[in-house]
Amino acid sequence: MTATGAPTGLPQLLRRRRMLRRYDPVRPVPQEAVEALLQAGLGSPSAGFTQGISFLVVETEPDRADFWQASTGAHSAGGRWLEGMRTAPLLIMVWTSEVAYLDRYAAPDKGWTDRDPEHWSAPYWFVDAGMATMAILLSAVDRELGACFFGVPPERVNRVRKVFGVPSEQLSVGVISVGYPVKSQTEASGSPTRRARRPQTELVHRGRWQA
């Protein structure tokens, strides 16, 4: 939405989307906005309508502290990145279940009864999670919020599972931090400021990959 409350068009949302790494620490995300972000993620495409993507919302100060402790350790040398990310008032953990997708496609209307992952041309449990994540990121922009997607280090995932009671079948996709951006973080930062954007001619192929 714009400052006047009018809807923002998709091209504008795509242009404005940034991975922001520092937030206003004293301005919480309204509950109405939290629910809107979750509904955007839940409404994203789902192979076979499996609906195997789950979100774990972390928004109280003690729970956020538990997350950072579990995901980084007490003495993590995260530097400015971690310092900035810790200012986020809202964290949305994104989880996916391979089991849910294998079960769904073993159902009579799909028929892969052996539940073999080799049937899949790509692990759609992660594909769908990526689409749900992008839906949340764009919804955040539409509400004048900042957001950033980041991963939990593999060696810390089980610790996060234990602290938050996440079932073992759930696979960690990553975490979306959300909050109101501080003025210094309204522009692009991170890798996009150090790497040039590759031209479309290198990334888009028409008719054949190579002529």
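The values are calculated or read from the model by the stated rules, or taken from the named source; none is laboratory data. Not measured: the values here are computed from a predicted model. A quick note on method: Cβ atoms are made from the backbone with ideal geometry, for glycine too, and the neighbour counts reach across all protein chains shown. In case anyone asks, the SASA skips ligands and DNA or RNA and just uses the protein heavy atoms, side chains included. Shrake-Rupley method; radii C 1.70, N 1.55, O 1.52, S 1.80 Å.
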The range 38-58, residues that are in contact with a strand residue (DSSP E or B) (Cβ under 7 Å, 6 or more places away or on another chain) and in a helix (DSSP H, G or I): L38, G41
Residue identified as open to solvent by 30 Å² or more (accessible area, probe 1.4 Å), out of contact with any Asp or Glu (no Cβ under 6 Å at 6 or more places or on another chain) and closer than 27 Å to R22 by Cα among L137, L171: L171
Taking the range 155-172 and keeping only residues that are closer than 15 Å to T96 by Cα and under 18 Å from the mean Cα position of the chain (by Cα), one is left with V157, V160, R161, V166, Q170, L171, S172
Against the conditions (1) at pLDDT 90 or above; (2) open to solvent by less than 30 Å² (accessible area, probe 1.4 Å); (3) within 20 Å of R161 (Cβ to Cβ), where does G73 fall short? Just the number, please. (1)
What pairs come out if I take residues in the range 100-112 that are closer than 20 Å to A129 by Cα and pair them with residues that are at pLDDT below 90 and open to solvent by 30 Å² or more (accessible area, probe 1.4 Å) whose C-beta lies under 6 Å away, six or more apart or interchain? L102/R115; Y105/W112
Does R159 satisfy being on the phi > 0 side of the Ramachandran plot, open to solvent by 60 Å² or more (accessible area, probe 1.4 Å), at pLDDT 85 or above and in contact with a helix residue (DSSP H, G or I) (Cβ under 8 Å, 6 or more places away or on another chain)? no
With the checklist (1) modelled with pLDDT under 95; (2) assigned to a strand (DSSP E or B); (3) not hydrophobic (A, V, I, L, M, F, W, C) in hand, flag the one item P25 doesn't pass. (2)
Cβ-Cβ under 8 Å pairs, at least 6 apart or on other chains, the range 37-65 side within 24 Å of G165 (Cβ to Cβ) and among the basic types (K, R), far side open to solvent by 30 Å² or more (accessible area, probe 1.4 Å) and not in a helix (DSSP H, G or I): R64/R86
